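Asks: Below is a structure I'd like to ask you about.
The values are calculated or read from the model by the stated rules, or taken from the named source; none is laboratory data. Since the structure is predicted, the reported quantities are computational estimates derived from the model, not experimental observations. A quick note on method: Cβ atoms are made from the backbone with ideal geometry, for glycine too, and the neighbour counts reach across all protein chains shown.
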Amino acid sequence: MGARKVDALNKRTSKSGLRKTVPRAWRGEVDHILIHEEEIQDRVRALAAKIARDYRGRDLVLVALLNGTVMFLADLIRHLQIPLRLDFIGVSSYGTGTTSGEMVFTKELRLDVKGRDVLLVDDILDTGRTLKRVGATLRKLKPRSMKICVFLNKESRRVEDVSADYVGFEIEDYFVVGYGLDFAERYRNLPFVGVLQKHVYSNGK
Ligand code: PRP
């Protein structure tokens, strides 16, 4: 089951046949919807089914990275029909810019993952710096296995040699927000993935 590719102009209509537009409150900031809510729900359900098949009978520990996974994780685990443990690691790139900067750990893992099957969950795999660092930290704790699940993958931006085992959607290098993803801590509550208008992040440049 390959990840869904999202086309550049997003000419598709939503499942209902109606082309949904950006809600009024965000129209001055979000240019267009890249991935509609219904597409997200379908895809996350399919991802959960695949993960459940792969991890049946295993000792699964989901380790989610804060804060961007909030929506993806909530939807994913409600469809995961297998026993699992859940814990969080807080990690954030310093500042509010558009590129990954210095990394700060804001919450340590509390569960013992030794001998268990860890599935790292993140909202987006971009340069790969975050997952490379977190992956190295977790490997020292000697899990039985470790795989990566991300909602979005921006392959073209990769700097580190990191790849995900489960991917929701492959996307081009757009500045995306919504469904947990932020810019300066805003937009996380959008139920869709939208492309941010340039004036919001370019600071008038
Ligand atoms: C974002 C995102 C990933 C990471 C991906 O986190 O949630 O964890 O960047 O980028 P990378 O592959 O280039 O490392 P951010 O630091 O913005 O924190 P957040 O989850 O709180 O939004």
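Asks: Scan the stretch 108-162 for residues that are more than 16 Å from the chain's Cα centre (by Cα), of a type in the set (Val, Ile, Thr) and under 14 Å from Leu65 (Cβ atoms) and jot them down.
Replies: Val118, Thr137
Asks: Continuing with the same structure: Suppose the filter is more than 8 Å from the ligand (Cβ to nearest atom), under 14 Å from Leu62 (Cα atoms) and more than 15 Å from the chain's Cα centre (by Cα); does Arg186 pass it?
Replies: Working: more than 8 Å from the ligand (Cβ to nearest atom): yes; under 14 Å from Leu62 (Cα atoms): no; more than 15 Å from the chain's Cα centre (by Cα): yes.
It is false that Arg186 is more than 8 Å from the ligand (Cβ to nearest atom), under 14 Å from Leu62 (Cα atoms) and more than 15 Å from the chain's Cα centre (by Cα).
Asks: Please enumerate the residues belonging to the stretch 173-183 that are within 17 Å of Thr127 (Cβ to Cβ), touching a helix residue (DSSP H, G or I) at 6+ places or on another chain (Cβ under 7 Å) and more than 11 Å from the ligand (Cβ to nearest atom).
Replies: Hits for the stretch 173-183 are Asp173, Phe175.
Asks: Can you tell me which residue in the stretch 158-177 is nearest to Val118 (Cα to Cα), limited to those that are assigned to a loop (DSSP other than H, G, I, E, B) and acidic (Asp, Glu)? Walk me through it before giving the result.
Replies: First, the residues of the stretch 158-177 that are assigned to a loop (DSSP other than H, G, I, E, B): 158-165, 171-175.
Of the ones still in play, those that are also acidic (Asp, Glu) are 160-161, 165, 172-173.
Values: Glu160: 21, Asp161: 19, Asp165: 12, Glu172: 28, Asp173: 29 Å.
Result: Asp165.
Asks: What do you reckon, is Val195 of a type in the set (A, V, I, L, M) and in contact with a His (Cβ under 7 Å, 6 or more places away or on another chain)? Don't jump to the end; show me each part of the working.
Replies: Details: of a type in the set (A, V, I, L, M): yes; in contact with a His (Cβ under 7 Å, 6 or more places away or on another chain): yes.
Yes, satisfied.
Asks: Also, I was wondering about something else. Are any residues in the stretch 123-164 surrounded by 15 or more Cβ atoms within 10 Å (Cβ to Cβ) and away from the ligand (no atom under 12 Å from the Cβ), and if so, which ones?
Replies: Leu138, Leu141, Pro143, Met146, Lys147, Cys149
Asks: Mind listing whichever residues of the stretch 149-205 are modelled with pLDDT of 95 or more and polar (S, T, N, Q)?
Replies: Asn153, Ser156, Ser163, Asn189, Gln197
Asks: Which numbered condition trips up Val113, out of (1) hydrophobic (A, V, I, L, M, F, W, C); (2) out of contact with any Gly (no Cβ under 8 Å at 6 or more places or on another chain); (3) within 16 Å of the ligand (Cβ to nearest atom)?
Replies: With (1) hydrophobic (A, V, I, L, M, F, W, C); (2) out of contact with any Gly (no Cβ under 8 Å at 6 or more places or on another chain); (3) within 16 Å of the ligand (Cβ to nearest atom) applied to Val113, the lone miss is (3).
Asks: Right, here's the next one. Where residues in the stretch 54-87 are under 17 Å from Val167 (Cβ atoms) and of a type in the set (Gly, Ala, Ser), which of them is modelled with the lowest pLDDT?
Replies: The qualifying residue modelled with the lowest pLDDT is Gly68.
Asks: Hey, Ser16 hits all of (1) modelled with pLDDT of 95 or more; (2) loosely packed, with under 13 Cβ neighbours inside 10 Å but one; which does it fall short on?
Replies: Against the list (1) modelled with pLDDT of 95 or more; (2) loosely packed, with under 13 Cβ neighbours inside 10 Å, Ser16 comes up short only on (1).
Yes/no matrix, rows are residues, columns are (1) under 29 Å from Gly57 (Cβ atoms); (2) polar (S, T, N, Q); (3) touching a helix residue (DSSP H, G or I) at 6+ places or on another chain (Cβ under 7 Å):
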position: Ile124; (1), (2), (3): no, no, no
position: Pro143; (1), (2), (3): yes, no, no
position: Ile148; (1), (2), (3): yes, no, yes
position: Asn153; (1), (2), (3): yes, yes, no
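Asks: Checking the conditions here, which among Leu76, Leu120, Leu65, Leu47 is outside any helix (DSSP H, G or I), in contact (Cβ under 8 Å) with a residue 60 or more places away in the chain and crowded, with 20+ Cβ neighbours inside 10 Å?
Replies: Leu65
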